[in-house]
1. Look through segment 176-211, keep the residues that are touching a helix residue (DSSP H, G or I) at 6+ places or on another chain (Cβ under 6 Å) and within 18 Å of residue 142 (Cα to Cα), and return whichever of them is surrounded by the fewest Cβ atoms within 10 Å (Cβ to Cβ).
2. Being under 27 Å from residue 126 (Cβ atoms) and touching a residue at least 40 places away in the same chain (Cβ under 8 Å): is that true of residue 21 here?
3. Restricting the search to segment 141-160, which residues are within 16 Å of ligand 2 (Cβ to nearest atom) and not in a strand (DSSP E or B)?
4. Pairs, please: C-beta under 9 Å, at least 6 apart or cross-chain, first residue closer than 27 Å to residue 62 by Cα and in segment 159-180, second within 16 Å of ligand 2 (Cβ to nearest atom) and assigned to a helix (DSSP H, G or I)?
5. Just one of 143, 155, 199, 179 is more than 22 Å from residue 17 (Cβ to Cβ) and within 12 Å of ligand 1 (Cβ to nearest atom); which is it?
6. Can you confirm whether segment 128-140 contains a residue that is modelled with pLDDT of 95 or more, within 16 Å of ligand 1 (Cβ to nearest atom) and either buried (at least 21 other Cβ atoms within 10 Å of the Cβ) or under 29 Å from residue 71 (Cβ atoms) (or both)?
7. Here are some conditions: (1) within 17 Å of the chain's Cα centre (by Cα); (2) surrounded by fewer than 18 Cβ atoms within 10 Å (Cβ to Cβ). Residue 47 meets all but one. Which one does it not meet?
8. Taking residue 179, is it more than 16 Å from ligand 2 (Cβ to nearest atom), part of a loop (DSSP other than H, G, I, E, B) and at pLDDT 95 or above?
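The values are calculated or read from the model by the stated rules, or taken from the named source; none is laboratory data. Note that the coordinates shown come from a computational prediction; the quantities given were computed from them, not determined experimentally. Here the Cβ positions follow ideal geometry from the backbone for every residue, glycine too, while neighbour counts run over all protein chains shown.
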Ligand SMILES: [Zn+2]
Ligand SMILES: [Zn+2]
């Protein structure tokens with residue numbers, strides 16, 4: 001786990017749970033799969049022995065802003081595959097190029113970094129197959145967001161950021177995460193905060209606990225912590241967890257399975 005904070009990096013009072021925005025890494029077989037490149041991406045060591053694949057849930061800035069701040073991207077000689085089930089490869093390329101060029105960024109990284117290869121998600125699925133099964137699910141988020149699961153003989157990992165949980169998602173999400181050893185869940189808010197944050201695209205800690213109890217999964221890790229939440233506040237909130245499967249995501253934590 002390289003980035004566990006939501007929306008904007010937060011260095012103050014976050015030494016325990018982490019202040020970098022969304023970035024998760026899964027290493028399995030011949031592949032290094034990275035979910036989102038928030039500011040946590042700066043700490044990812046790109047693997048020269050494996051194929052690096054970056055999968056984007058969506059393009060809100062907290063999920064993409066770290067891409068050119070990993071210096072390894074500039075020196076990497078092998079291809080770095082970028083993909084998203086939300087859009088096709090041409091749209092993805094345009095979005096990344098627009099964000100990291102012109103008035104927003106000093107250099108046009110898509111033009112200068114030939115190792116960045118944009119691929120449709122269906123092509124990534126085929127590339128991973130048969131050792132690794134990649135699936136995706138539409139989430140409930142302004143502008144859209146895609147959840148992913150990766151399953152190999154090591155186990156199954158599910159990534160569900162960003163999502164505003166709705167009751168009609170229950171059956172499809174339960175089926176999607178079924179058998180996961182670890183599920184990453186968007187728990188930016190508490191239920192009382194959700195009352196005045198409806199439509200912002202995020203779920204609650206209480207919903208995480210209820211979902212974890214219903215799901216056939218081993219662990220659920222709540223991520224996308226609110227930037228206004230300190231370590232002490234997260235510790236306080238963790239006391240109200242009603243499921244032993246649930247914990248708050250801790251940046252730099254490594255989960256082996
Ligand atoms: Zn986000
Ligand atoms: Zn978002």
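1. The residue in question is 204.
2. No: the conditions fail for residue 21.
3. 141, 142, 143, 144
4. 161/63; 162/62; 162/63; 164/194
5. Among 143, 155, 199, 179, only 143 is more than 22 Å from residue 17 (Cβ to Cβ) and within 12 Å of ligand 1 (Cβ to nearest atom).
6. The answer is yes; a qualifying residue exists.
7. (1)
8. Here the answer is yes, as residue 179 does meet what is asked.
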